[in-house]
Structure formats: C-alpha cells, structure tokens
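The block underneath contains the structure these notes are about, expressed in structure tokens.
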Amino acid sequence: MTSGSPFDPRRAVLGVDRRQWLRTGALLALPPWLIQARAQAAAGATAVLRVGPDHPVKTLAAAASQARPGMTVEIQAGDYPGDVAVWPQDDLTLRAVGGRVRLLANGAHAQGKGIFVTTGRRMTIEGLDFIGARVPDRNGAGVRLERGSLTLRDCRFQDNENGLLAGNDPTMELRIESCDFGPIAPGEGRTHTCYVGAIGRLTVLASYFHHGASGHLLKSRAAVNHIFYNRLTDETGRASFELEFPNGGLALVMGNLIQQSPSTENYHLIAYGSEGLTHRRHELHLINNTLVDRRQAGGVYLRMAQRAQQLRLINNLLCGKQELPAGPDREQHHNYFVELDSFVDPDRFDFRLRPASPLIGRAVDAGAVDGQRLKPAMQYLHPCALQEVPAGTPYSQGAFQL
C-alpha cells in the first residue's frame, strides 16, 4: 500500500499477477530479442534462494550475504539458533516453507541491535518466529527496522527485549499483518512488544499484542497510523499503556479489542500526545473499539493532549468504569458503558455482544478520513485473522459486529 492510499482489507488476499500478464500476451507483439531480454530480467527479479539444512546455503547469515535485490529467500522450516543477520537488499522477500521458522537468538545479535536488522526498501518477511533477543544495552529487538520499508506477515515475537523496534525516518513505512507480539521479556520500562519510531506511516492489521512487562503493548511515533481490527490484551501481563501515540499524528483506530490487565503498571489504556505533539497533523479517531479495564483500582480509558486538533470517539463500548475525557471541542457520541455480562464470554476474551443485547444495530456512520471509511468491514478473529462482516449485518457498537 502506498502512502496516503485508503486501506482495503481485500488487498491482503486478492490481487492481479501483473508480472505473469507482462510475460505472456502483453509481450507477443515485441521482437524476439526484446522478449528474451525481458524474460531474463523477470527471471532475475524473481530468483529464489533456498536456505536450510537440506540446501547448500545453511544459514540466514549466509543468505544475507548472498541474496540480491528482488530475490525470494525460501527458508526451510525448523530452528535456527544464533542465526542473526543484516538485510540491506531492496525488494527482498523472506518466506518460511514447510512450517514455522524459529530464530532463536541464544545470546547472538546483529550489530548489537537484534536478531534481524533491515535497511532495504519494500522488504517482506513471512512466517518467521523471533525469540529471545538480548543485547548489551538491554534494548534488543526481534526485528530492528533501520531504514527503507517493511511488511511483516504471519510473524511471531516472543521473549524479546523489544518485539520490533523501528527507527526515526519520515520516509520509512511499516505494515504489520496477522502477527503475534508477546509475551515480552521482563524489563525496566524500555521493553515494548512493538515500538515504532518517527516514521512516515504505520499500518497494523489483524495482529495480537499481549503480556507486556513495564513497557507498552504498541507504541508509535509515526505521522500516520492505521490501527485496524487487532487484539491488544495485556491479560495476565503488567504492561504500561496498551496503545500509545506519544507525539500525536493522525491515528485512525478502528475495530480493536483493547484490554487492561488487573496487574497493569499504568492507569491508562490509550495515550495520545503524552510526550509532546511534534507532527503537523494531530487527530485521533477512535471508532468501534471495545475498551475493557480490569484494573481493580480503576483507571483512565484515554489520556489526551489538550492541544490536539481533533478527537472523535464514536461507537465504542467501554467496560470497567464510566468516564471519558470532557471538552466542548471533542466529538463524542454513541459510546456506551457496559458491564462484563453484556458480552458472550469475557473470561475467555469473547467480547461479542450477547445476541439479545439492546445495543445491536445502534451504531452510526462515522464517515471517512482521507478517503478511508470508518465503518468496519471486517472484525478480528483470534488468533491473528480477519472475518468479513457480510452486507446487511446490523451495525453495532464495539469491535465485533457478528
């Protein structure tokens, strides 16, 4: 997805193979020498490098030194202990084949930063597990995004000092699809399941953030944030914020289940602008989320910077306390305070409204922002999947429509 384009969940599963079209009918009218040249170029762009015990290239570290831009690196399923790497190539895809690929840090790290360090543009990683990242400064990440752009799909992050850590570069983009972040390693407030620096754009879809330890579940300094259809539930962890945008920016937060644990170390579920508003645009749109506070001493659903340009809270379900930030300049309506018995099975994190709930069908259209409609077309399906909401389904408050 290019910067500024509306999110379309169907792009995750649908598409047209343009390269195949170019290699066939579209080339038939070209001279033979040009057809051959383009075929060779296409073959080079889609070259496959196979990695694993049954292949000449045994390790990811070796693959990182041999891979060329545009390659697909197919990694044989299994465990790869101490196999860390730096990936500078553009248009590179790393993909697990035959099952999960587990990268066990075992004390090793790349550049003192983590298991993988990525600096290439348009890089994709699919089906890899990042486990046990530790570095001397206690800020080790499963993946450290330093430059370029990255898509993570179906990846897992466990027992790292930081699950993912992204640098500060406004040209960078990060997309996270169907990934699992947590449990995090014990820390001293610097351990976040996912920490995104001041990049240009962050998209998070159908992902699961859980079991924090002092740090936050998801923290983003990105200028533009699309946080759609995720589960951020601290459960038995002791995270600080569940979701934070410390420097503001444009934040579209729709269709998420966000739960604060009884053992949390902070009063707040969501924080916006808590470290100063540094972007040109400062808008928070909280639409159709289910916010659950299990903190015994009570807490705060939203900590909001006063100088933000726009705050919209529409169609949310709030369970655990009855407060929302006051202010005449804030658009707040069709939010409902509910008890745990309003849901199907909250102890098992089934926060669908009961079939007889009077709230079914009472939501309103929240419009669009920059061409992105803010009416859920999907809902999160555990673990790390999406479920389509059929046309004609009664439109209700909260993250779950079905």
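The values are calculated or read from the model by the stated rules, or taken from the named source; none is laboratory data. From a predicted model like this one, the values you see are computed outputs, not experimental measurements. Cβ coordinates were reconstructed from backbone atoms using ideal geometry, including for glycine residues, and neighbour counts include every protein chain displayed. When the accessible area is computed, the model is the full protein with side chains, heavy atoms only, and any ligands, DNA or RNA have been set aside. Shrake-Rupley method; radii C 1.70, N 1.55, O 1.52, S 1.80 Å.
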Does segment 244-402 come out rounded, prolate or oblate by the C-alpha gyration tensor, with a ≥ b ≥ c the root eigenvalues, rounded set by a/c under 1.5 and, if not, prolate when a/b is larger than b/c and oblate if not?
oblate
Cβ crowding within 10 Å averaged over residues, with 250-260, 303-313, 196-206 ranked highest first:
250-260, 196-206, 303-313
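Would you mind calculating the relative contact order of segment 340-402 from Cα pairs under 8 angstrom and at least 6 residues apart, reporting the percent as a whole number?
29
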Given the Cα-Cα distance of Arg281 and Gln387 and 0.36 nm per residue of separation, how much length would full extension add, in nm?
35.0 nm
Give me the three principal axis extents of segment 60-165 from the C-alpha atoms, as integers in angstrom, largest value leading.
33, 29, 23
Specify the inter-centroid distance of segment 376-391 and segment 334-362, based on alpha-carbon positions, in whole Å.
17
How many angstrom lie between the Cα centre of segment 89-107 and the Cα centre of segment 127-160?
11
Run the count for the chain, please: Lys pairs, Cα-Cα under 27 angstrom, 8 or more apart or on different chains.
5
List the residues, sorted by chain then number, that are 5 or more residues from His279 or on another chain and whose placed amide H is less than 5 Å from its amide H.
Gly249
With label points built 7 Å along Cα→Cβ from the Cα atoms of Ala47 and Arg122, find their separation and express it in nm.
1.7
Just to verify a number: FRET efficiency for Asp345 and Arg100, C-beta to C-beta distance, R0 = 30 Å, to 0.05?
0.55
For Cys384, Cys179, write out the residues from largest to smallest accessible area, computed with a 1.4 angstrom probe and no ligands counted.
Cys384, Cys179
Area projected by the alpha carbon convex hull of the chain, averaged over all directions, nm²:
21.4
For segment 119-210, just say rounded, prolate or oblate: build the C-alpha gyration tensor, square-root its eigenvalues into a ≥ b ≥ c, call rounded for a/c under 1.5, and beyond that prolate if a/b exceeds b/c, oblate if not.
oblate
Once you place label points 7 Å from the Cα toward the Cβ at Ser263 and Arg362, how far apart are they in nm?
3.6
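Which order do the peptides 86-98, 354-366 come out in when sorted by mean C-beta neighbours inside 10 angstrom, highest first?
Ranking the peptides 86-98, 354-366 by packing returns 86-98, 354-366.
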Ordered by packing density, taken as the mean number of other Cβ atoms within 10 Å over each peptide's residues, highest first, how do 393-400, 207-214, 338-345 rank?
207-214, 393-400, 338-345
Quick one: ranking Arg153, Arg348 by accessible area, 1.4 Å probe, largest first, what do you get?
Arg348, Arg153
Report, to the nearest whole %, how much of the accessible area of segment 244-354 belongs to carbon and sulfur atoms, 1.4 Å probe, protein only.
43
Taking the simple approach of a point 7 Å from Cα along Cα-to-Cβ for both Thr236 and Arg307, what is their distance in nm?
4.4
Over segment 241-398, what relative contact order in percent results from Cα pairs under 8 Å that are six or more residues apart?
20
In Å, the Kirkwood hydrodynamic radius of segment 302-370 over pairs of distinct alpha carbons?
14.0
Cut-off under 5 Å, modelled amide H: who pairs with Ser396 long-range:
Gly361, Ala363
Evaluate the Debye formula for segment 194-294 with equal point scatterers sitting on the alpha carbons, no solvent, and hand back log10 of I(q)/I(0) at q = 0.15 Å⁻¹, in q order, two decimals.
-0.52
By how many nm would the segment from His334 to Gln296 lengthen if fully extended, with 0.36 nm per residue of separation less the alpha-carbon distance?
11.1 nm
Mean separation of Cα contacts under 8 Å, 6 or more apart, over the residue count of the chain: relative contact order %:
8
In whole angstrom, note down how far apart the Cα centers of segment 196-273 and segment 47-68 are.
35
If you roll a 1.4 Å probe over segment 145-196 with all protein chains in place, what percent of the accessible area is carbon or sulfur?
43
